[in-house]
Amino acid sequence: MWFLATVRDTITIPPVLFAEDRNEALSLEIEKKYANKVLPDVGLCLCCYDILSVRDSHIYPGDGSAHTDATFRLAVFSPSEGEIMVGTIKSGEADGLVISLGFFDDVHIPPSLMMRNSAYAEDDAGTGSKVWTWEYEGDEEEAGDGADPVKLPLYVGDVVRFRVHAVLFKRQGIADSTRDLLSLEPGVAARPPSAPGGGGLESDDPPMRVIASLTSASGDASELGVVKWWDAGDGGDDDAEGEGGAA
């Protein structure tokens, strides 16, 4: 989920920082340039971890800034396919759920990757709104008893455990890949993300999006979904403290 990316770049240091320590000035300008930015095929940059080397600086005519060639490492967020993470439901619509990690809000669970027997319908609790609800049939023994399935809604603000299905970058065809996933019914195996190219990208697509799933690699939903469903007998919402991290 977290790793260090080594980058070599020319960093511009303005004259106002000439009196500062060189590495401190470089770190400040590196973070201005890279922090909270997405590097395609790499991930979301959080901060400058350290500076590995610094070469000569150049000041060009008509420009008082020092242009410095530096090699440095960035702390980067980019989860791996299959990784289990915990976040909070930010919104829920017919096109799926949006999950927030606190520092990153572009985690999307499309209908195709919801639990089987999930539906977006009127809330039985009488809230007057529609929510995603999973009809939990229990294990094989419970299902064989003929008992009615238990309806488990997923409300905004609930802490959920999910599996990373794919990490998509805008220039790789994020719009087309997401449409492929949205076109399927809940619980139906999704196709892999589309190949680059094709119908173009929409202007409002984020530069990086995590496509998540509420089913395991084997197709069941064991331990995935709202954390309190599974932890009710183990102290409630203790896992909520793990928001934004791997479970």
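The values are calculated or read from the model by the stated rules, or taken from the named source; none is laboratory data. What you see is a predicted model, and the numbers here were worked out from it, not measured in a lab. Cβ atoms come from the backbone with ideal geometry, glycine included; neighbour counts cover every protein chain shown.
Among the residues of the range 103-123, write down those that are exposed (fewer than 14 other Cβ atoms within 10 Å of the Cβ) and within 17 Å of residue 85 (Cβ to Cβ). Selection gives 103 alone. Of the residues examined, residue 13 is one that is of a type in the set (A, V, I, L, M) and touching a residue at least 24 places away in the same chain (Cβ under 8 Å). Are any residues in the range 71-116 of a type in the set (D, E, K, R) and assigned to a loop (DSSP other than H, G, I, E, B), and if so, which ones? Scanning the range 71-116 gives 81, 83, 95, 105, 106, 116. Scanning the range 124-132 turns up no residue that is buried (at least 16 other Cβ atoms within 10 Å of the Cβ) and of a type in the set (Ser, Thr, Tyr). Touching a Leu at 6+ places or on another chain (Cβ under 7 Å), closer than 30 Å to residue 213 by Cβ, in contact (Cβ under 8 Å) with a residue 12 or more places away in the chain and not assigned by TED's automatic domain parsing to the domain that holds residue 158: does that describe residue 35? Considered against the rule, which asks whether it is touching a Leu at 6+ places or on another chain (Cβ under 7 Å), closer than 30 Å to residue 213 by Cβ, in contact (Cβ under 8 Å) with a residue 12 or more places away in the chain and not assigned by TED's automatic domain parsing to the domain that holds residue 158, residue 35 comes out as yes.
Going through the range 80-95 one residue at a time, which ones are within 17 Å of residue 110 (Cβ to Cβ) and surrounded by 20 or more Cβ atoms within 10 Å (Cβ to Cβ)? Passing the criteria: 85, 87, 89, 92. Residues in the range 79-107 that are over 16 Å from residue 225 (Cβ atoms) and either touching a helix residue (DSSP H, G or I) at 6+ places or on another chain (Cβ under 7 Å) or of a type in the set (S, T, N, Q) (or both): 80, 91, 95, 100. Acidic (Asp, Glu) and without any contact (Cβ under 8 Å) to a residue 12 or more places away in the chain - does that describe any residue in the range 113-123? Yes - at least one qualifying residue is present in the range 113-123. The requirement of being assigned by TED's automatic domain parsing to the domain that holds residue 154 and assigned to a strand (DSSP E or B) is satisfied by residue 119.
When the range 1-55 is examined, which residues are found to be small (Gly, Ala, Ser), surrounded by fewer than 16 Cβ atoms within 10 Å (Cβ to Cβ) and not in a strand (DSSP E or B)? Full working, then the answer.
Here is the first cut: in the range 1-55, the residues small (Gly, Ala, Ser) are 5, 19, 25, 27, 35, 43, 53.
Still in the running and surrounded by fewer than 16 Cβ atoms within 10 Å (Cβ to Cβ): 19, 35, 53.
Of everything in the range 1-55, those that are small (Gly, Ala, Ser), surrounded by fewer than 16 Cβ atoms within 10 Å (Cβ to Cβ) and not in a strand (DSSP E or B) turn out to be 19, 35.
Looking for something hydrophobic (A, V, I, L, M, F, W, C) and within 21 Å of residue 222 (Cα to Cα) - is there at least one such residue anywhere in the range 62-84? So far as the range 62-84 goes, yes, one or more of its residues are hydrophobic (A, V, I, L, M, F, W, C) and within 21 Å of residue 222 (Cα to Cα).
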